[in-house]
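Structure first, commentary second.
The values are calculated or read from the model by the stated rules, or taken from the named source; none is laboratory data. Please read all numbers here as calculations on a predicted model, not as lab measurements. Cβ coordinates were reconstructed from backbone atoms using ideal geometry, including for glycine residues, and neighbour counts include every protein chain displayed. Surface areas here come from the heavy atoms of the whole protein model, side chains and all, with no ligands, DNA or RNA. Shrake-Rupley method; radii C 1.70, N 1.55, O 1.52, S 1.80 Å.
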Amino acid sequence: MAANPEAVRPERSAADERYVFIDDVTKEFDGFVAVDDVSLSIRKGEIFALLGGSGCGKSTLLRCLAGFEKPTTGRILLDGQPMNDLPPYERPINMMFQSYALFPHMTVEQNVAFGLKQDGMPKPDIKRRVEEMLNLVQMVKFAGRKPHQLSGGQQQRVALARSLAKSPKLLLLDEPMGALDKKLRSQMQLELVNIVEKLGVTCVMVTHDQEEAMTMATRIALMDSGRIRQVGTPDEIYEQPTSRFAAEFIGSVNIIEGVIKDDEKDFVTIQSAALAHLIHIGHGISGFEGQRVNFALRPEKITVTKDEPADAHNKAQGVIEDIAYFGSHSVFHVRLPSGTRLMAHFANRKRWASENFTWTDKVWLSWGDNAGVVLPA
Amino acid sequence: MSSLHRTGLFGKGMLGFGYAFLYLPILILIIFSFNSSRISTVWSGFSFKWYIALFKDDAMLNAAWVSLKVAFASATVSVILATLAAMVLTRFRPFRGRTLFGALITAPLVMPEVVTALSLLLMFTTVSGFFGTSSKGMLSIFLAHVTFTMAFVTVVLSSRLAELDKSLEEAAMDLGANRVKVFFVITLPIIMPALVSGWLLAFTLSLDDVVIASFVSGPSATTLPMKIFSTVRLGPNPKINALASLLVMLVAQAAVIGWYIMQRQEKRRLRDIQLALKEG
């Protein structure tokens, strides 16, 4: 479902690589640093997500882009143009607000026309453009309604149409699905991505929902206490986290603490007090023997078996302590003799519970040479 | 069952007592306004004569006219000033002395009226001495009423502005409207109901103020409450009963109409929401 940047833009110039350029931006409020020395380059036509918990500075950064906040230091460039000194109403940037912020005293049509009217567009052109936008979001038959006469999903469509009407160079989405219920959310995510891609508009979104970021964005910047922790495509962030924070923020993960025992060119072994056997990594890493590391292993990379695997390493025996049933798969919480608990996914291929593992079963967990990631402790 | 019934009776009794406590005096007033006798406490027959006498009393009608003019003008100016004050209090970035400004603006709310009245009187006297003109009249009442009603209207408007979703104004700015435009095209229309109720509040306050008006007015201008007060001081007057009954009728009518409009809007709003949910 996620947007595919290569399909959208087969070739990119250097200017397109830095379409939105956030250069060492810091924002302080009365001594509190909300955004701490952030630099980002966002490509033309991509959907870029700022992901992080509340208070991580993602919303402040978005407001700096929109012009509602002025960076304390640093520059923001859009398509090569400095934005810092432009007020919000002079920036070629439009925003879809979390609350949608539809003007309650205006009809759907007037809401969408508002921005165009400010530009002094001739009336027939406004009418045509509004109709085009309402067509795009399939809200033509609601043109005469007031916002309070619309459901949440309909309000969102109008808000989207309004923020796209002026063909902004940059579209900002503030928690775009925040006000929708779960079922509508996944449907609207897909629809929003389709619309944004169809128009080819560059888009920066803010969200605290990792699933939403992974579904919608071409690239994600993971933020924590005002700083960028990692930037990458959704699968890069998921499969190659560069820090324990990144690994734990997105999806669930087993973190096993250990020490590097052998550091060779083409393999590495890690000794951990939690496991009876060595961890074997099938490639070299930049570390040294005796270094303390965290081994991050996603639950779905673990295989659960009844019999002991043949390999001498990358395995552990334990007892199933808890089972979380998700229908398509179950998550086993397996307690190792060392007291450590590991989570492992188990695909429910068989329908009958009697054929599957159950509580207090003794099982073997195993994983491949490249299943996990070694992170600095 | 029987105990429930008794509670019902008791409840009804209390309700009746409450209503009587609130409205019996007004009912008596209305009844006696149709009394043909001059003595207010003795009923001697139904008559419209006090109403007729009232409409022949030029001094009374003049006072009513002065009151309406003052109330209309002071409510209007007070709403304009209060809107500015409320915008400063809720929309400006924190500035030095903002807390003090807020406290000073709303001070007349807690200040005894006599103190407000006296200080205004002193100021008008000083100013007129300075310019060598007579200051006391309709203008001074108007200015005094603006001063004291503004405090109330500011409170109404700043609480409305504080609860107004700021992203509405930001969205308008984001779409290309500058601050002045945002204020007139977005903020003002949305807070219009609060402006209207603020205006009505100021109008009412001005219309029934007697203390401040008595202090600051001169012989050239008398408001209705001042006139009523001075008339009643000489003993009960059936003409005043008639006037009061008219006022009650007016207020009741406005209240009923207001209630009806609000209820109709609420019904329509609920229907719209249900419609939206069904289609959503």
With (1) open to solvent by less than 10 Å² (accessible area, probe 1.4 Å); (2) in contact (Cβ under 8 Å) with a residue 24 or more places away in the chain; (3) under 30 Å from B:Glu163 (Cα atoms); (4) touching a helix residue (DSSP H, G or I) at 6+ places or on another chain (Cβ under 9 Å) as the list, and A:Val38 as the residue in question, which single condition is left unmet?
(3)
Neighbours by Cβ (under 9 Å, 6+ apart or cross-chain): first from region B:89-113, without any contact (Cβ under 8 Å) to a residue 12 or more places away in the chain; second polar (S, T, N, Q) and surrounded by 11 or more Cβ atoms within 10 Å (Cβ to Cβ)
B:Met111/B:Ser119
Which one is nearest to the other protein chains (Cβ to nearest Cβ) among residues in region B:159-172 that are farther than 22 Å from A:Ala165 by Cα and open to solvent by less than 30 Å² (accessible area, probe 1.4 Å)?
B:Leu164
One residue is enough: does region B:239-259 have a residue meeting the conditions surrounded by 11 or more Cβ atoms within 10 Å (Cβ to Cβ) and within 30 Å of A:Val108 (Cβ to Cβ)?
yes
Under 8 Å by Cβ, and 6 or more places apart or on different chains, what pairs join a residue from region B:173-184 that is more than 7 Å from chain A (Cβ to nearest Cβ) with one that is of a type in the set (S, T, N, Q)?
B:Lys181/A:Gln118
Which condition breaks for B:Leu275 when tested against (1) more than 14 Å from chain A (Cβ to nearest Cβ); (2) surrounded by 11 or more Cβ atoms within 10 Å (Cβ to Cβ)?
(1)
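State which residue is surrounded by the most Cβ atoms within 10 Å (Cβ to Cβ) when the search covers only region A:282-324 and only residues that are farther than 29 Å from A:Arg349 by Cβ and among the aliphatic types (A, V, I, L, M). So that I can check it myself, show each step before the final result.
We begin by selecting, within region A:282-324, every residue farther than 29 Å from A:Arg349 by Cβ; these are A:283-294.
Going one step further and asking which of them are among the aliphatic types (A, V, I, L, M), we end up with A:285, A:293.
Values: A:Ile285: 15, A:Val293: 22.
Per the criteria, the residue is A:Val293.
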Do you know which of the residues in region A:234-259 that are under 20 Å from A:Lys315 (Cβ atoms) and in contact (Cβ under 8 Å) with a residue 40 or more places away in the chain is farthest from the chain's Cα centre (by Cα)?
A:Glu257
In region A:236-277, which residue that is in a strand (DSSP E or B) and of a type in the set (Asp, Glu) is surrounded by the fewest Cβ atoms within 10 Å (Cβ to Cβ)?
A:Asp262
Which pairs turn up if I take residues in region A:68-89 that are free of Cβ contacts under 8 Å to residues at least 24 places away in the same chain and look for partners that are part of a helix (DSSP H, G or I) and surrounded by fewer than 17 Cβ atoms within 10 Å (Cβ to Cβ) with beta carbon separation below 9 Å, at least 6 apart in sequence or on another chain?
A:Pro87/B:Arg179
Mind counting the residues in region A:271-287 that are out of contact with any His (no Cβ under 8 Å at 6 or more places or on another chain) and of a type in the set (Val, Ile, Thr)?
2
Anything in region A:307-329 that is within 30 Å of A:Phe267 (Cβ to Cβ), outside any strand (DSSP E or B) and of a type in the set (Gly, Ala, Ser)? List them, or say none.
A:Ala310, A:Ala312
Based on this model, can you work out whether A:Gln230 counts as part of a strand (DSSP E or B) and within 16 Å of the chain's Cα centre (by Cα)?
yes
Restricting attention to region A:127-148, does a residue exist that is out of contact with any helix residue (DSSP H, G or I) (no Cβ under 7 Å at 6 or more places or on another chain), facing chain B (nearest Cβ under 9 Å), part of a helix (DSSP H, G or I) and open to solvent by less than 60 Å² (accessible area, probe 1.4 Å)?
no
Would you please name the residue that is surrounded by the fewest Cβ atoms within 10 Å (Cβ to Cβ), looking only at residues in region B:194-208 that are over 10 Å from the mean Cα position of the chain (by Cα) and not small (Gly, Ala, Ser)?
B:Val196
Could you tell me which numbered condition B:Leu250 fails, if it satisfies all but one of (1) under 19 Å from B:Leu68 (Cα atoms); (2) touching a Pro at 6+ places or on another chain (Cβ under 8 Å)?
(2)
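Taking region A:201-241 only, how many residues are of a type in the set (Gly, Ala, Ser) and within 22 Å of A:Pro376 (Cβ to Cβ)?
Taking region A:201-241 and keeping what is of a type in the set (Gly, Ala, Ser), we get A:213, A:217, A:221, A:225-226, A:232.
Subset that is within 22 Å of A:Pro376 (Cβ to Cβ): A:221, A:225-226, A:232.
Number of matching residues: 4.
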Tell me which residues, restricted to region B:211-227, are open to solvent by 40 Å² or more (accessible area, probe 1.4 Å) and either without any contact (Cβ under 8 Å) to a residue 60 or more places away in the chain or under 15 Å from B:Asn62 (Cα atoms) (or both).
B:Pro219, B:Ser220, B:Thr222, B:Lys227
Selection status of B:Ile191, buried (at least 18 other Cβ atoms within 10 Å of the Cβ), within 13 Å of chain A (Cβ to nearest Cβ) and either farther than 30 Å from A:Met83 by Cβ or aromatic (Phe, Trp, Tyr) (or both):
yes
If you go through region A:198-212 one residue at a time, do you hit one that is open to solvent by less than 20 Å² (accessible area, probe 1.4 Å) and of a type in the set (Asp, Glu)?
yes
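Let's see how each residue does on (1) polar (S, T, N, Q); (2) open to solvent by 70 Å² or more (accessible area, probe 1.4 Å):
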{"site": "B:Leu54", "(1), (2)": "no, no"}
{"site": "B:Ala64", "(1), (2)": "no, no"}
{"site": "B:Leu68", "(1), (2)": "no, yes"}
{"site": "B:Ser74", "(1), (2)": "yes, no"}
{"site": "B:Ala82", "(1), (2)": "no, no"}
{"site": "B:Leu89", "(1), (2)": "no, no"}
{"site": "B:Phe92", "(1), (2)": "no, yes"}
{"site": "B:Arg96", "(1), (2)": "no, yes"}
Which one of these does B:Ser220 not meet: (1) closer than 30 Å to A:Ile93 by Cβ; (2) more than 13 Å from chain A (Cβ to nearest Cβ); (3) among the polar types (S, T, N, Q)?
(1)
Search result, residues across region A:69-121 that are open to solvent by 70 Å² or more (accessible area, probe 1.4 Å) and away from chain B (no Cβ under 12 Å)
A:Thr72, A:Thr73, A:Arg75, A:Gln81, A:Pro82, A:Asp85, A:Glu109
Among the residues listed as A:Leu222, A:Leu180, A:Leu160, the single one being open to solvent by less than 40 Å² (accessible area, probe 1.4 Å) and in a loop (DSSP other than H, G, I, E, B)
A:Leu180
Of these, B:Lys69, B:Lys56, which one is at pLDDT 90 or above, of a type outside the set (Val, Ile, Thr) and more than 17 Å from B:Ala151 (Cβ to Cβ)?
B:Lys69
When both residues are 6+ apart or on different chains and their Cβ atoms are under 9 Å apart, which pairs have a first residue that lies in region A:90-110 and is under 20 Å from A:Lys127 (Cβ atoms), and a second that is aromatic (Phe, Trp, Tyr) and assigned to a loop (DSSP other than H, G, I, E, B)?
A:Gln110/A:Phe103
Would you confirm whether any residue within region A:184-195 is open to solvent by less than 60 Å² (accessible area, probe 1.4 Å), under 17 Å from A:Ile42 (Cβ atoms) and part of a helix (DSSP H, G or I)?
yes
